[in-house]
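What follows is a short report on a single structure.
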Amino acid sequence: MPGILSKIAMFARSPQGRRLTQQAKRAASDPRKRAEAKRALGRLRGRGGHGHR
């Protein structure tokens, strides 16, 4: 039974995985999308997304 990392690697090599990778790269190059993702990660980490430490 393949481990989680090998499953992720297999998905990344699939056509759908490559499509999602390209989509993520495009989103990462957009400053607004980057800021939005940073806020979302902050909320997930429990910081409230305001940038306070």
For segment 13-22, in order, what is each residue's ³J(HN,Hα) by Karplus, 6.51 cos²θ - 1.76 cosθ + 1.60 with θ = phi - 60°, in whole Hz (x at glycine and Pro)? 7, 6, x, 5, x, 5, 5, 5, 5, 5
How would you classify segment 4-44 from its alpha-carbon gyration tensor, with a ≥ b ≥ c the square roots of the eigenvalues: rounded for a/c under 1.5, else prolate if a/b is greater than b/c, otherwise oblate? oblate
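Taken together, the values in this text are just the output of simple stated rules run on the coordinates, not laboratory data. Keep in mind that what you see is a predicted model, and the values were worked out from it rather than measured.
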